[in-house]
1. How many residues are hydrophobic (A, V, I, L, M, F, W, C) and farther than 18 Å from Pro324 by Cα when one looks only at segment 410-436?
2. If the requirement is being in the same structural domain as Gly73 (by TED's automatic domain parsing), out of contact with any Lys or Arg (no Cβ under 8 Å at 6 or more places or on another chain) and in a helix (DSSP H, G or I), which of these qualifies: Phe165, Phe155?
3. Tell me which of these Arg14 doesn't satisfy, since it passes every other one: (1) basic (Lys, Arg); (2) closer than 30 Å to Ala252 by Cβ; (3) modelled with pLDDT under 80.
4. Applying the selection to segment 139-179, what residues are of a type in the set (D, E, K, R) and touching a residue at least 40 places away in the same chain (Cβ under 8 Å)?
5. Give segment 346-382 a look and list any residue that's within 24 Å of Leu212 (Cβ to Cβ) and among the β-branched types (Val, Ile, Thr), or say none.
6. Checking the conditions here, which among Ala238, Ala184 is in the same structural domain as Phe337 (by TED's automatic domain parsing) and touching a residue at least 40 places away in the same chain (Cβ under 8 Å)?
7. Of the residues that sit in segment 303-350 and are within 21 Å of the chain's Cα centre (by Cα) and among the hydroxyl-bearing types (Ser, Thr, Tyr), which one is nearest to Thr427 (Cα to Cα)?
Amino acid sequence: MRFLNYLLTPYYTRIFNQGEYGIVTDIYALIPFALVLLSMGMESSYFRFTTRAEEEGGDIAQKKRKVFATTWGLTSLNAIIFFVAVWLFSEPISKAMGTVYVAHQEYVVIVASIVMLDVFAMIPFSRLREQGRAMHFVLLKALSVLLNVTLAIGFGIAGLYSTEFGVGWVLIANLIASAVTLLALLPSTNRVIPRIDIALVRRILVYSLPLLVSGIAGTANEFIDRQMIKYLTPEATAMAELGIYGAIVKIAVVMTLFTQMYRLAAEPFFLAGFKKEEFKEANAASMKYFVIASMLIFLGITLFSDLFALIVGRDFREGIDILPIVLLSNVLAGIWFNLSFWYKREEKTKYAMSITFLGLAITIALSFVLVPTMGYRGAAWVRLVAEAAMVVWSYMLCKKHYPIPYDLKRIGEYFVVGGAIYLLSTTCIEPLGGSVAVIGNIALFISATYYAVWREKIDVQRLAKSIIGRFIR
């Protein structure tokens, strides 16, 4: 869904005004929150308990089927209850969401339908990841994106966005794509029927409930900045501010997609049956290379921000100055995600709650200070501070309870080098303007890449072959 939002951003920000795109931003900030709430941490639970099945031995295939059926059954039940509740109480929910939704209560019901279908598909998609069926996973996700984009653009060509239903056609395109994707996904379940095993549920909930609570807080922290803009800025300009902020966040598409892809690959990998020291060594190395890749992406976008600004419509580019802040926040989010694997592996998920609630508390408190006066710029700074606090607290907990030999000196070195190159570009290269500035920034980016390859003694050719081999396997 996130990739879809990024892919359609250039289109939507050219056919919708700031306020209309603010509605799209608002809705697609709320959907992930609903998904986290309804999934109840079952994705991580599925990976952990299928690994347990392998460790326990016996009829491993049967045990894995039971884990799949139970986690799928529980999330599906949640999704149905959620849809019925939203449908029955759509009027008060619409009033709580704002004036624009009162006029279009159907938006709320359609969004609930999308959430329900996506929750139905969540555990089957996790099963594909657990089974290493990367190509099948990618093809189904691509089907969803392709269908959604085709419908969204087709609706625009047909002039449907100019009708009274307006933005609602964005949701209709998403609903159709989610339904078709779910139907295409069902054959991969091998006729397993969602069925809740009560004894297994009890064991899973002990593991997953802390993840649910922390997931709610974490997702709220990630997306509540949009709600703060919506409710803490003047009503007359709130949706326009939200639209600008949402559009600039989408420019960070490469960073966000990299982090998302890393999450999809890393979670089943690190929750597999590693020996303790092997896990620590792999996680430490992964952290360092994640930072290297993230800082290169940061430089690739910020050094050529004028080019990336073309992703959004002209009316939305006034907020381009917050792009470096947004990118750095995404880097920090990836770092504390890396720091979460040890407590998931050790089934000490209670620590997740203190981390995410710290971030949420900072976000809410600081938003009341900065957002009313600074608008979306204040929201960007608030998120950066919150992410930094979560990284620091995550590391302190890790160091105390499960020390991992992260190469902090080398990681810090890459942050310093990246920051220095960015400052060199903004203070010395950018003022030159024109092609000279472009050539200068290209030289800086190549230098940063070469430095990382040289410093880590990376065999680029071998690495490329390994990545391609894993993908097409």
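The values are calculated or read from the model by the stated rules, or taken from the named source; none is laboratory data. Only a predicted model underlies this, so the values are computations on that prediction, with no experimental measurement involved. Neighbour counts run over all protein chains shown; Cβ positions are idealised from the backbone, glycine included.
1. Filtering segment 410-436 down to residues hydrophobic (A, V, I, L, M, F, W, C) leaves 411, 415-417, 420-421, 423-424, 428-429, 432, 436.
Add one more test, that the residue is farther than 18 Å from Pro324 by Cα, and what stays is 411, 432, 436.
So the answer is 3.
2. Values: Phe165 fails: in a helix (DSSP H, G or I).
After ruling out the rest, the residue left standing is Phe155.
3. (3)
4. Scanning segment 139-179 gives a single hit, Lys141.
5. Passing the criteria: Thr349, Ile355, Thr356, Ile362, Thr363, Ile364.
6. Working: Ala184 fails: in the same structural domain as Phe337 (by TED's automatic domain parsing).
Ala238 is the lone residue from the list that is in the same structural domain as Phe337 (by TED's automatic domain parsing) and touching a residue at least 40 places away in the same chain (Cβ under 8 Å).
7. This residue is Ser329.
Conditions (1) in contact with a Phe, Trp or Tyr (Cβ under 8 Å, 6 or more places away or on another chain); (2) in the same structural domain as Val291 (by TED's automatic domain parsing); (3) without any contact (Cβ under 8 Å) to a residue 60 or more places away in the chain, marked per residue:
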position	(1), (2), (3)
Ser394	yes, yes, yes
Leu397	yes, yes, yes
His401	yes, yes, yes
Gly419	no, yes, yes
Leu432	no, yes, yes
Ala452	yes, yes, no
Lys457	no, yes, yes
